[in-house]
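Taking it in order: structure first as structure tokens, then the write-up.
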Amino acid sequence: MGELCKEDYLKAIADCKKPRMKKNKDGKDVPTSIKFDQSVELQVSFKNMDRIKETGFKTSALLEHPFSSSNFSICLLASQKDIAKGTELGLNIVKKEDLDLLKTDKKGCKKLAKKYDYFLASVVMIKVIPKHLRQALAVRGKFPQAIIKTEELPNKVEEAKRKVNIVLKIKPKSPLNIGFAIGKVSMNDEDTASNAVTVMNEILNKCEKNWSNIQGVVIKSSMGSPVRVM
């Protein structure tokens, strides 16, 4: 596969946004009614990777045009000095005494890890995270980012809204593909395409053979059919 440019993504994004048609009771083609703002996903498949020697990669990209929905939730494991600022920023606060109650509550730890999309933690709180919560957060790729100074919180919150985690795990029989949202159907196509380029560049940085490791690239809306980018 040759290299892709922004125009390639733009065309695929426009195609994936075309309404799906269905037959009405009169046999006429009408657009399917979708009552939510669909995500636009980038899906990438890989090739020329050694399933024995290679384990994959874990990285992240900061999107130029964030699209996190209004219900994107951030939890702050907060020390006493960070509670006020965290509350001011609208974060969900978990205090040390809350963590103490979870020390032996494995189900409670899993429930907390699942409840929020992203976690931050005052640096002094990292060492008091209960074992079961550490495990539950780690397995979901949500282990908290440490906050050293209270003044860092606003920037860390904005970064969380822009961040896309990119993880490829190579196993003997598992498919070599990954996918994640890069925008919303309601977004400007240029912005979504810019996000696609940002994420794809980060993926290529982690591929030893660059484009020679890429089998295919697809753009897809939540309810739509996949559109091959190239």
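The values are calculated or read from the model by the stated rules, or taken from the named source; none is laboratory data. Note that this is a predicted model, so its numbers are computed, not measured. Because the Cβ atoms are built from the backbone with ideal geometry, glycine has one as well, and the counts that use them run over all protein chains shown. Surface accessibility is based on the protein's heavy atoms, side chains included, excluding ligands, DNA and RNA. Shrake-Rupley method; radii C 1.70, N 1.55, O 1.52, S 1.80 Å.
Each residue, LYS127 and LYS209, gets one label point 7 Å from its Cα in the Cβ direction; the gap between the two is 4.7 nm.
Sequence-ordered 3J(HN,Hα) estimates for region 107-117 from the Karplus curve with 6.51, -1.76 and 1.60 and θ = phi - 60° stand at 5, x, 5, 5, 5, 5, 4, 7, 5, 10, 7 Hz, glycine and proline given as x. When ASP82, ASP105 are compared by accessible surface with a 1.4 Å probe, the order from highest to lowest is ASP105, ASP82. Ligands, DNA and RNA left out, the 1.4 Å accessible surface of region 43-166 is 50% carbon and sulfur atoms. Placing ARG20, ARG134 in order of accessible area, with the largest value first and a 1.4 Å probe, yields ARG20, ARG134. Using a probe of 1.4 Å, the accessible surface attributed to LEU10 totals some 40 Å² when neighbouring protein chains are kept in position. Close amide-amide hydrogen proximity is noted between SER221 and GLU41, each under 5 Å apart and 5 or more residues distant or on a separate chain (H modeled in the peptide plane; Pro and chain starts excluded). For LEU102, the accessible area of its heavy atoms, probed at 1.4 Å with every protein chain present, is near 30 square angstrom. So with the 1.4 Å probe, I'd like the accessible area per residue for the chain, rounded to whole Å². That works out to 58 Å² for each residue.
Counting only DSSP beta bridges whose two residues both lie in region 1-135, roughly 30 percent are antiparallel. What's the angle, to the nearest 10 degrees (0 to 90), between helix 153-162's Cα axis and the longest principal axis of the chain? So the helix axis and the longest Cα principal axis differ by about 30 degrees.
Residues whose amide H lies under 5 Å from that of ILE214, counting only those 5 or more places away or on a different chain, are LYS47; hydrogens are built 1.01 Å from N in the peptide plane.
Derived scalar couplings between HN and Hα for region 82-95 equal 9, 4, 4, 5, x, 5, 4, 7, x, 7, 7, 9, 10, 9 Hz in order, rounded to whole Hz, by the Karplus curve 6.51 cos²θ - 1.76 cosθ + 1.60 (θ = phi - 60°), x for Gly and Pro. In whole percent, and with a 1.4 Å probe on the protein chains, what portion of the accessible area of region 179-220 is carbon and sulfur? Carbon and sulfur: 39 percent of the exposed surface of region 179-220. Computed with a 1.4 Å probe on the full set of protein chains, the accessible area for THR87 sits at about 80 Å². Loop-resident trypsin sites (Lys or Arg not before Pro) (DSSP state other than H, G, I, E or B) in region 186-227 with no more than 16 further Cβ atoms inside 10 Å of their Cβ: LYS209. Taking θ as phi - 60° and the Karplus parameters 6.51, -1.76 and 1.60, the scalar couplings of region 222-228 work out to 3, 9, x, 7, x, 10, 5 Hz in sequence order, x denoting glycine and proline. Amide H contacts of ILE166: THR59, SER60, ALA61, each under 5 Å away and 5 or more positions distant or on a separate chain (H built 1.01 Å from N in the peptide plane; Pro and chain starts excluded). Among bridges DSSP assigns within the chain, what percent are antiparallel (round to 5)? Among the beta bridges of the chain, antiparallel pairing accounts for roughly 70 percent. Taking R0 as 22 Å, what FRET efficiency do you get between GLU97 and LYS161 from their Cβ-Cβ distance, rounded to the nearest 0.05? Working from the Cβ atoms, E equals 0.20. Applying 0.36 nm per residue to the separation of LYS106 and SER225 and subtracting their alpha-carbon distance, the gain on full extension is 38.9 nm.
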